[in-house]
Amino acid sequence: MFEYLDSSLVKIEAKVLAGERLSFDDGVTLWSTPDILGVGHLANHVREQVSGNETFFIHNRHINPTNICIHSCQFCAFGVKGDNPDAYVKSLETIFDDAAAYKGGKVSEFHIVGGLHPDLPYSYYLDMVRGLKERFQEVHIQAFTAIELDYLAELAGKPLDETLKELLDAGLGSIPGGGAEIFAKRVRKKICNEKLTGKMWLDTHETAHKVGLKSNATMLYGHLETVEERVDHLIQLRELQDRTGGFVTFIPLSFHPENTVLDFLPSTSGQLDLRALAVSRLMLDNFPHVKAFWIMITPRIAQLSLSFGADDMDGTVVEEKIIHAAGASTDQIFHQSTIIAMIREAGRVPMERDTLYEETRPVHA
Ligand code: V47
(Lines give C-alpha, C1' and ligand atoms only; values in the text may rest on other atoms or scores of the structure.)
Protein backbone atom coordinates (compact mmCIF):
# COMPACT_ATOMS: atom_id res chain seq x y z
CA MET A 1 0.00 0.00 0.00
CA PHE A 2 1.21 3.51 -0.83
CA GLU A 3 1.99 5.59 2.24
CA TYR A 4 1.16 9.25 1.88
CA LEU A 5 3.24 11.79 3.74
CA ASP A 6 0.26 14.13 3.61
CA SER A 7 -2.90 12.69 5.14
CA SER A 8 -5.12 15.01 3.06
CA LEU A 9 -4.16 12.94 0.01
CA VAL A 10 -5.87 9.88 1.50
CA LYS A 11 -9.30 11.46 0.93
CA ILE A 12 -8.33 12.44 -2.58
CA GLU A 13 -7.11 8.91 -3.24
CA ALA A 14 -10.52 7.52 -2.24
CA LYS A 15 -12.14 9.80 -4.82
CA VAL A 16 -9.61 8.95 -7.51
CA LEU A 17 -10.07 5.21 -6.97
CA ALA A 18 -13.84 5.61 -7.06
CA GLY A 19 -13.57 7.65 -10.28
CA GLU A 20 -15.16 10.64 -8.53
CA ARG A 21 -14.55 14.16 -9.77
CA LEU A 22 -12.08 16.24 -7.74
CA SER A 23 -13.24 19.55 -6.26
CA PHE A 24 -11.70 23.02 -6.33
CA ASP A 25 -10.33 22.43 -2.81
CA ASP A 26 -8.84 19.09 -3.85
CA GLY A 27 -7.07 20.96 -6.64
CA VAL A 28 -5.65 23.48 -4.20
CA THR A 29 -4.40 20.63 -1.98
CA LEU A 30 -2.72 18.92 -4.95
CA TRP A 31 -0.88 22.11 -5.93
CA SER A 32 0.12 22.90 -2.33
CA THR A 33 1.08 19.65 -0.62
CA PRO A 34 4.78 18.99 -0.20
CA ASP A 35 4.02 15.32 -0.95
CA ILE A 36 4.95 15.42 -4.64
CA LEU A 37 5.40 11.65 -4.78
CA GLY A 38 1.87 11.20 -3.41
CA VAL A 39 0.48 13.50 -6.11
CA GLY A 40 2.52 11.68 -8.75
CA HIS A 41 1.32 8.29 -7.51
CA LEU A 42 -2.32 9.34 -7.88
CA ALA A 43 -1.74 10.88 -11.31
CA ASN A 44 0.09 7.76 -12.44
CA HIS A 45 -2.91 5.66 -11.43
CA VAL A 46 -5.19 7.76 -13.66
CA ARG A 47 -2.65 7.80 -16.48
CA GLU A 48 -2.43 4.01 -16.44
CA GLN A 49 -6.21 3.69 -16.37
CA VAL A 50 -6.54 5.96 -19.40
CA SER A 51 -3.57 4.83 -21.51
CA GLY A 52 -2.03 1.82 -19.76
CA ASN A 53 1.65 1.77 -20.54
CA GLU A 54 1.29 3.47 -23.90
CA THR A 55 3.16 6.71 -24.48
CA PHE A 56 2.47 8.67 -27.64
CA PHE A 57 4.62 10.78 -29.90
CA ILE A 58 4.22 12.28 -33.34
CA HIS A 59 6.37 13.33 -36.26
CA ASN A 60 5.56 16.99 -36.48
CA ARG A 61 7.01 20.20 -37.73
CA HIS A 62 6.36 23.59 -36.16
CA ILE A 63 5.95 26.50 -38.55
CA ASN A 64 5.91 30.09 -37.24
CA PRO A 65 5.01 32.23 -40.28
CA THR A 66 5.80 35.62 -38.70
CA ASN A 67 6.98 37.05 -35.39
CA ILE A 68 5.54 40.51 -36.08
CA CYS A 69 2.67 41.12 -33.70
CA ILE A 70 0.32 44.03 -32.99
CA HIS A 71 0.30 43.04 -29.32
CA SER A 72 3.10 43.26 -26.76
CA CYS A 73 2.36 40.55 -24.21
CA GLN A 74 4.58 40.86 -21.17
CA PHE A 75 5.29 37.11 -21.02
CA CYS A 76 6.27 36.80 -24.67
CA ALA A 77 9.79 37.08 -26.14
CA PHE A 78 8.79 36.02 -29.64
CA GLY A 79 6.60 38.86 -30.90
CA VAL A 80 8.28 42.03 -32.20
CA LYS A 81 7.26 45.16 -34.10
CA GLY A 82 7.92 45.48 -37.81
CA ASP A 83 10.93 47.80 -37.38
CA ASN A 84 12.79 45.34 -35.15
CA PRO A 85 15.92 43.92 -36.87
CA ASP A 86 14.76 40.41 -35.91
CA ALA A 87 11.32 40.85 -37.48
CA TYR A 88 10.44 38.35 -40.20
CA VAL A 89 7.55 37.24 -42.38
CA LYS A 90 7.83 34.02 -44.35
CA SER A 91 6.43 34.16 -47.84
CA LEU A 92 4.06 31.35 -48.73
CA GLU A 93 6.70 29.93 -51.08
CA THR A 94 9.23 29.82 -48.20
CA ILE A 95 6.68 28.09 -45.99
CA PHE A 96 5.96 25.49 -48.68
CA ASP A 97 9.69 24.98 -49.29
CA ASP A 98 10.43 24.61 -45.55
CA ALA A 99 7.59 22.13 -45.25
CA ALA A 100 8.90 20.17 -48.24
CA ALA A 101 12.43 20.13 -46.84
CA TYR A 102 11.22 17.94 -44.03
CA LYS A 103 9.07 15.65 -46.14
CA GLY A 104 11.72 12.97 -46.23
CA GLY A 105 11.15 12.47 -42.48
CA LYS A 106 7.48 11.43 -43.02
CA VAL A 107 6.07 14.26 -40.97
CA SER A 108 2.40 13.74 -40.17
CA GLU A 109 1.54 17.16 -38.69
CA PHE A 110 2.28 20.82 -39.33
CA HIS A 111 1.79 22.88 -36.18
CA ILE A 112 1.38 26.53 -37.25
CA VAL A 113 1.21 29.53 -34.91
CA GLY A 114 2.52 33.06 -35.20
CA GLY A 115 2.12 36.74 -34.38
CA LEU A 116 -0.86 38.93 -35.29
CA HIS A 117 0.68 40.75 -38.25
CA PRO A 118 -0.76 44.24 -38.84
CA ASP A 119 -0.82 44.07 -42.65
CA LEU A 120 -1.03 40.48 -43.91
CA PRO A 121 -4.40 39.82 -45.55
CA TYR A 122 -6.76 36.99 -44.67
CA SER A 123 -5.90 35.38 -48.03
CA TYR A 124 -2.29 34.81 -46.83
CA TYR A 125 -3.56 32.45 -44.11
CA LEU A 126 -6.22 30.78 -46.22
CA ASP A 127 -3.78 30.24 -49.09
CA MET A 128 -1.18 28.90 -46.63
CA VAL A 129 -3.57 26.23 -45.39
CA ARG A 130 -4.86 25.44 -48.88
CA GLY A 131 -1.37 25.39 -50.38
CA LEU A 132 0.02 23.10 -47.69
CA LYS A 133 -2.92 20.73 -48.03
CA GLU A 134 -2.56 20.60 -51.82
CA ARG A 135 1.14 19.80 -51.54
CA PHE A 136 1.01 17.47 -48.52
CA GLN A 137 -2.39 15.79 -48.55
CA GLU A 138 -1.47 13.25 -45.93
CA VAL A 139 -0.21 15.80 -43.41
CA HIS A 140 -2.62 17.09 -40.74
CA ILE A 141 -2.65 20.88 -40.36
CA GLN A 142 -3.02 22.02 -36.76
CA ALA A 143 -3.01 25.78 -36.98
CA PHE A 144 -3.80 29.14 -35.39
CA THR A 145 -4.45 29.74 -31.70
CA ALA A 146 -7.75 31.23 -30.53
CA ILE A 147 -6.50 34.81 -30.72
CA GLU A 148 -5.23 34.30 -34.27
CA LEU A 149 -8.57 32.80 -35.27
CA ASP A 150 -10.48 35.77 -33.86
CA TYR A 151 -8.10 38.06 -35.71
CA LEU A 152 -8.54 36.11 -38.96
CA ALA A 153 -12.33 36.38 -38.62
CA GLU A 154 -11.90 40.13 -38.22
CA LEU A 155 -9.65 40.27 -41.31
CA ALA A 156 -12.12 38.13 -43.25
CA GLY A 157 -15.00 40.35 -42.14
CA LYS A 158 -17.01 37.24 -41.33
CA PRO A 159 -18.36 35.62 -38.17
CA LEU A 160 -15.95 33.22 -36.47
CA ASP A 161 -17.92 30.08 -37.31
CA GLU A 162 -17.98 30.95 -41.03
CA THR A 163 -14.26 31.71 -41.01
CA LEU A 164 -13.56 28.41 -39.29
CA LYS A 165 -15.66 26.54 -41.86
CA GLU A 166 -13.76 28.22 -44.67
CA LEU A 167 -10.43 27.26 -43.10
CA LEU A 168 -11.74 23.74 -42.55
CA ASP A 169 -12.68 23.48 -46.24
CA ALA A 170 -9.21 24.73 -47.16
CA GLY A 171 -7.61 21.91 -45.16
CA LEU A 172 -7.40 22.99 -41.50
CA GLY A 173 -7.43 19.82 -39.40
CA SER A 174 -7.52 21.03 -35.79
CA ILE A 175 -6.57 23.88 -33.48
CA PRO A 176 -3.55 24.06 -31.18
CA GLY A 177 -3.95 24.85 -27.50
CA GLY A 178 -1.79 27.96 -27.25
CA GLY A 179 -2.78 31.41 -26.09
CA ALA A 180 -4.90 30.35 -23.12
CA GLU A 181 -2.23 31.60 -20.67
CA ILE A 182 -4.21 31.77 -17.42
CA PHE A 183 -7.89 32.71 -17.51
CA ALA A 184 -7.91 34.86 -14.33
CA LYS A 185 -8.56 38.54 -15.21
CA ARG A 186 -6.22 39.72 -12.44
CA VAL A 187 -3.23 38.01 -14.05
CA ARG A 188 -4.18 38.65 -17.68
CA LYS A 189 -4.15 42.37 -16.90
CA LYS A 190 -0.51 42.01 -15.88
CA ILE A 191 0.86 39.54 -18.42
CA CYS A 192 -1.23 40.07 -21.56
CA ASN A 193 -3.45 43.08 -21.05
CA GLU A 194 -4.15 43.57 -24.77
CA LYS A 195 -5.02 39.97 -25.46
CA LEU A 196 -8.45 38.37 -25.72
CA THR A 197 -10.08 37.52 -22.40
CA GLY A 198 -10.15 34.03 -20.93
CA LYS A 199 -13.84 33.83 -21.77
CA MET A 200 -13.11 34.70 -25.41
CA TRP A 201 -10.48 31.95 -25.58
CA LEU A 202 -13.03 29.46 -24.25
CA ASP A 203 -15.79 30.76 -26.57
CA THR A 204 -13.52 30.46 -29.59
CA HIS A 205 -12.73 26.83 -28.78
CA GLU A 206 -16.41 26.14 -28.13
CA THR A 207 -17.28 27.55 -31.57
CA ALA A 208 -14.50 25.47 -33.14
CA HIS A 209 -15.83 22.33 -31.46
CA LYS A 210 -19.33 23.16 -32.74
CA VAL A 211 -18.14 23.35 -36.36
CA GLY A 212 -16.45 19.98 -35.94
CA LEU A 213 -12.86 20.94 -35.19
CA LYS A 214 -11.01 19.26 -32.33
CA SER A 215 -8.55 21.31 -30.31
CA ASN A 216 -5.95 21.23 -27.57
CA ALA A 217 -5.76 23.34 -24.43
CA THR A 218 -2.86 24.82 -22.48
CA MET A 219 -2.13 26.70 -19.27
CA LEU A 220 0.88 28.95 -18.82
CA TYR A 221 2.13 28.53 -15.24
CA GLY A 222 5.05 29.75 -13.15
CA HIS A 223 4.63 33.55 -13.48
CA LEU A 224 2.24 35.71 -11.42
CA GLU A 225 -0.63 33.30 -10.96
CA THR A 226 -1.77 31.82 -7.65
CA VAL A 227 -2.52 28.18 -6.96
CA GLU A 228 -6.25 29.05 -6.86
CA GLU A 229 -6.03 30.68 -10.29
CA ARG A 230 -4.45 27.52 -11.72
CA VAL A 231 -7.26 25.40 -10.29
CA ASP A 232 -9.86 27.82 -11.66
CA HIS A 233 -8.24 27.56 -15.10
CA LEU A 234 -8.35 23.76 -15.08
CA ILE A 235 -11.95 23.66 -13.89
CA GLN A 236 -13.09 26.07 -16.62
CA LEU A 237 -11.48 23.79 -19.21
CA ARG A 238 -13.10 20.74 -17.62
CA GLU A 239 -16.52 22.41 -17.78
CA LEU A 240 -16.13 23.28 -21.46
CA GLN A 241 -15.02 19.72 -22.17
CA ASP A 242 -18.17 18.45 -20.41
CA ARG A 243 -20.24 20.53 -22.84
CA THR A 244 -18.44 19.75 -26.12
CA GLY A 245 -15.98 16.86 -25.75
CA GLY A 246 -13.85 18.68 -28.32
CA PHE A 247 -10.53 18.78 -26.47
CA VAL A 248 -7.99 16.09 -27.22
CA THR A 249 -4.88 16.95 -25.23
CA PHE A 250 -3.90 19.28 -22.42
CA ILE A 251 -0.40 20.75 -22.32
CA PRO A 252 0.81 22.69 -19.27
CA LEU A 253 3.34 25.31 -20.46
CA SER A 254 6.09 26.33 -18.05
CA PHE A 255 6.88 30.04 -18.17
CA HIS A 256 10.30 30.99 -19.60
CA PRO A 257 11.18 34.49 -18.41
CA GLU A 258 14.33 35.30 -20.43
CA ASN A 259 14.02 38.27 -22.82
CA THR A 260 10.52 39.07 -21.56
CA VAL A 261 9.24 42.02 -19.49
CA LEU A 262 8.89 39.49 -16.65
CA ASP A 263 12.56 38.50 -16.72
CA PHE A 264 12.88 39.24 -12.99
CA LEU A 265 10.95 36.03 -12.30
CA PRO A 266 12.78 32.74 -11.79
CA SER A 267 12.35 29.82 -14.16
CA THR A 268 10.07 27.02 -13.01
CA SER A 269 11.55 24.15 -11.00
CA GLY A 270 11.54 20.50 -12.02
CA GLN A 271 9.19 19.83 -9.13
CA LEU A 272 6.67 22.40 -10.33
CA ASP A 273 6.85 21.05 -13.89
CA LEU A 274 6.15 17.51 -12.70
CA ARG A 275 3.38 18.70 -10.42
CA ALA A 276 1.73 20.70 -13.22
CA LEU A 277 1.42 17.55 -15.31
CA ALA A 278 0.25 15.44 -12.37
CA VAL A 279 -2.39 17.89 -11.12
CA SER A 280 -3.65 18.42 -14.67
CA ARG A 281 -4.06 14.67 -15.15
CA LEU A 282 -6.04 14.46 -11.92
CA MET A 283 -8.28 17.51 -12.38
CA LEU A 284 -8.96 17.08 -16.10
CA ASP A 285 -10.76 13.74 -15.73
CA ASN A 286 -12.50 14.22 -19.10
CA PHE A 287 -9.37 14.96 -21.18
CA PRO A 288 -8.08 11.96 -23.13
CA HIS A 289 -4.39 12.96 -23.00
CA VAL A 290 -1.86 15.07 -21.09
CA LYS A 291 1.27 16.06 -22.96
CA ALA A 292 4.77 16.74 -21.65
CA PHE A 293 6.18 19.32 -24.06
CA TRP A 294 9.89 18.44 -23.81
CA ILE A 295 10.95 21.70 -25.48
CA MET A 296 9.75 23.60 -22.43
CA ILE A 297 10.44 21.28 -19.52
CA THR A 298 13.54 19.51 -20.90
CA PRO A 299 13.63 15.91 -22.12
CA ARG A 300 14.78 14.78 -18.64
CA ILE A 301 11.70 16.09 -16.85
CA ALA A 302 9.48 14.99 -19.73
CA GLN A 303 10.77 11.44 -19.32
CA LEU A 304 10.16 11.47 -15.55
CA SER A 305 6.69 12.87 -16.12
CA LEU A 306 5.69 9.60 -17.78
CA SER A 307 5.27 8.35 -14.19
CA PHE A 308 3.54 11.57 -13.10
CA GLY A 309 0.48 11.61 -15.33
CA ALA A 310 1.78 12.40 -18.82
CA ASP A 311 1.06 9.95 -21.66
CA ASP A 312 2.42 11.97 -24.57
CA MET A 313 5.85 13.38 -25.40
CA ASP A 314 4.79 15.62 -28.31
CA GLY A 315 7.11 15.14 -31.23
CA THR A 316 10.08 15.87 -33.37
CA VAL A 317 9.16 19.60 -33.68
CA VAL A 318 12.20 20.47 -35.91
CA GLU A 319 12.17 24.25 -35.51
CA GLU A 320 10.73 26.00 -32.47
CA LYS A 321 10.98 29.77 -32.11
CA ILE A 322 8.52 30.90 -29.41
CA ILE A 323 10.06 29.29 -26.36
CA HIS A 324 13.62 29.53 -27.67
CA ALA A 325 13.14 33.31 -27.93
CA ALA A 326 12.42 33.17 -24.18
CA GLY A 327 15.60 31.30 -23.36
CA ALA A 328 14.73 27.61 -23.72
CA SER A 329 18.02 25.75 -23.84
CA THR A 330 16.65 22.53 -25.32
CA ASP A 331 17.45 21.40 -28.86
CA GLN A 332 14.94 22.22 -31.56
CA ILE A 333 14.75 18.72 -32.96
CA PHE A 334 14.25 15.43 -31.26
CA HIS A 335 15.03 12.35 -33.29
CA GLN A 336 12.57 9.50 -33.22
CA SER A 337 15.20 7.11 -31.89
CA THR A 338 15.84 9.37 -28.86
CA ILE A 339 12.14 9.70 -28.04
CA ILE A 340 11.66 5.95 -28.34
CA ALA A 341 14.67 5.15 -26.14
CA MET A 342 13.50 7.57 -23.45
CA ILE A 343 9.97 6.14 -23.44
CA ARG A 344 11.29 2.57 -23.24
CA GLU A 345 13.73 3.43 -20.43
CA ALA A 346 10.75 4.79 -18.48
CA GLY A 347 9.12 1.34 -18.79
CA ARG A 348 6.49 2.53 -21.22
CA VAL A 349 5.48 1.41 -24.70
CA PRO A 350 6.24 3.96 -27.45
CA MET A 351 3.30 4.52 -29.80
CA GLU A 352 3.55 6.69 -32.87
CA ARG A 353 0.30 8.60 -33.38
CA ASP A 354 -1.38 11.00 -35.73
CA THR A 355 -2.65 14.38 -34.46
CA LEU A 356 -6.03 13.18 -33.23
CA TYR A 357 -4.83 9.76 -31.98
CA GLU A 358 -7.04 8.12 -34.61
CA GLU A 359 -4.19 5.97 -35.84
CA THR A 360 -1.66 4.81 -33.29
CA ARG A 361 0.93 2.13 -33.81
CA PRO A 362 3.64 0.59 -31.66
CA VAL A 363 7.17 1.07 -32.93
CA HIS A 364 9.28 -2.00 -33.44
CA ALA A 365 12.74 -0.52 -33.82
O1 V47 B 1 0.58 30.52 -27.07
C2 V47 B 1 4.71 32.22 -25.15
C3 V47 B 1 3.29 30.17 -24.78
C4 V47 B 1 2.46 29.09 -26.59
C5 V47 B 1 6.17 31.97 -23.59
O6 V47 B 1 -1.45 22.47 -28.90
C7 V47 B 1 5.31 30.88 -23.59
O8 V47 B 1 -0.26 20.65 -29.02
C9 V47 B 1 6.49 29.96 -21.87
O10 V47 B 1 0.84 26.63 -27.41
N11 V47 B 1 7.33 31.01 -21.80
C12 V47 B 1 2.88 28.42 -27.89
N13 V47 B 1 5.46 29.88 -22.74
C14 V47 B 1 3.18 26.94 -27.67
C15 V47 B 1 1.91 26.12 -27.62
C16 V47 B 1 1.97 24.66 -27.83
C17 V47 B 1 3.17 24.00 -27.73
C18 V47 B 1 3.19 22.62 -27.95
C19 V47 B 1 2.07 21.93 -28.29
C20 V47 B 1 0.86 22.62 -28.40
C21 V47 B 1 -0.36 21.88 -28.79
C22 V47 B 1 0.80 23.99 -28.15
O23 V47 B 1 3.59 29.23 -25.78
C24 V47 B 1 1.89 30.46 -26.64
C25 V47 B 1 2.02 30.89 -25.21
O26 V47 B 1 0.96 30.41 -24.46
N27 V47 B 1 4.42 31.07 -24.55
N28 V47 B 1 5.79 32.79 -24.56
C29 V47 B 1 7.21 32.04 -22.63
N30 V47 B 1 8.03 33.07 -22.52
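The values are calculated or read from the model by the stated rules, or taken from the named source; none is laboratory data. Since the model is a prediction, treat every value here as computed from it, not as a measurement. Cβ: placed from backbone, ideal geometry, glycine included. Neighbour counts: every protein chain shown.
Structure notes:
- In segment 147-179, of all residues being charged (D, E, K, R) and touching a residue at least 40 places away in the same chain (Cβ under 8 Å), the one that is nearest to the ligand (Cβ to nearest atom) corresponds to ASP150.
- Any chance LEU234 is of a type outside the set (Phe, Trp, Tyr), within 9 Å of the ligand (Cβ to nearest atom) and closer than 27 Å to THR33 by Cα: no
- Residue among VAL107, VAL113, VAL80 that is within 16 Å of the ligand (Cβ to nearest atom) and modelled with pLDDT under 95: VAL107
Residue-by-condition table, conditions (1) exposed (fewer than 14 other Cβ atoms within 10 Å of the Cβ); (2) away from the ligand (no atom under 16 Å from the Cβ); (3) not basic (Lys, Arg):
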position: GLN49; (1), (2), (3): yes, yes, yes
position: THR55; (1), (2), (3): no, no, yes
position: HIS62; (1), (2), (3): no, no, yes
position: ASP86; (1), (2), (3): yes, no, yes
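- Scanning segment 151-170 finds no residues that are under 16 Å from the mean Cα position of the chain (by Cα) and either assigned to a helix (DSSP H, G or I) or surrounded by 20 or more Cβ atoms within 10 Å (Cβ to Cβ) (or both).
- Only one of the numbered conditions (1) under 22 Å from the mean Cα position of the chain (by Cα); (2) closer than 30 Å to VAL261 by Cα is violated by VAL107, and that is (2).
- Screening ARG344 against (1) exposed (fewer than 15 other Cβ atoms within 10 Å of the Cβ); (2) within 19 Å of SER254 (Cα to Cα); (3) of a type in the set (Lys, Arg) leaves a single unmet condition, (2).
- Hey, ALA43 more than 16 Å from the ligand (Cβ to nearest atom), modelled with pLDDT of 95 or more and not β-branched (Val, Ile, Thr) or not: yes
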